[in-house]
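Readers should treat all values here as calculations from the given coordinates under stated rules, not as data from a laboratory. Here the structure is a predicted model, which is why all the values come from computation and not from measurement. As a convention, Cβ positions derive from the backbone with ideal geometry for all residues, glycine included, and neighbour counts pool all protein chains shown.
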Amino acid sequence: MARATRTARTAPRKDGRSRTTVAQPPRPTAPESRSRDVSRLYATKNDLAEETRVEVITLLNQRLAESIDLQTQCKQAHWNVKGPAFIGLHKLFDDVNEDVEGYVDLIAERIVQLGGIAEGTVGAAEGRSSLPDYPLALSTGAEHVAALSDALAAFGRAARIGIEEMNELKDAGSADLLTEVSRGVDKWLWFVEAHQQGS
Ligand SMILES: [Fe+2]
């Protein structure tokens, strides 16, 4: 997400004189200000090998980015859906959002438990998520059902890949956590997709 750099500009005044606003220093941006150094671990008595924890933290930060992305997409659908099925879909999309918020928290806190830094800002998540971008101009229930089911399916796939990765790294706790997330997102995919089925 590119931030506009603030510069001094001159604003016209009623008396014809000009007023110069004070230039604001540009905010620091990536990469210097963002913690990308996941190899820096906090000390913990957790007995998973350090090299395992470094790999798990990196992979879980990827899943964290995707879960944050998914959460914003649920709200986008919740706010903007229109049409005869409005009230049902408006409430459904918020129910999905609520559970996805829980997945975000589970993944982030697992990262921290392993001595890592949960990189959970929108800025950090941007560009790291593998989910498709949510189209901004959708309106009908069918359009939002199609877009959100795409997002849920993509996240479900990412969660399943994550389970395999955690199993390979022999981190049963993280594999179990992602299994819980995967089971939940599969349920919500069913709830959303059912609106496209049965006709
Ligand atoms: Fe709301």
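Using only the C-alpha atoms, the convex hull of the range 117-199 corresponds to 109 Å³ per residue.
Counting other Cβ atoms within 10 Å, which trypsin sites (Lys or Arg not before Pro) in the range 145-199 have at most 15 and lie in a DSSP loop? For trypsin sites (Lys or Arg not before Pro) across the range 145-199 that sit outside H, G, I, E and B with at most 15 neighbouring Cβ atoms in 10 Å, the list reads Lys170. Relative contact order for the range 45-193: 31 percent, from Cα pairs under 8 Å spaced at least 6 residues apart, divided by residue count. Under the combined filter of DSSP loop state and at most 13 neighbouring Cβ atoms within 10 Å, the range 93-199 retains none of its chymotrypsin sites (Phe, Trp or Tyr not before Pro).
As a rough footprinting exposure proxy, the listed residues Ser149, Ser129 were ranked by other beta carbons within 10 Å of their own, and the order from fewest upward is Ser149, Ser129. Values of log10 I(q)/I(0) for the range 49-132 across q = 0.11, 0.17, 0.26 Å⁻¹ run -0.35, -0.69, -1.15, by the Debye formula with one identical scatterer at each alpha carbon and no solvent. For the range 45-193, the fraction of C-alpha pairs more than 28 angstrom apart is 21%.
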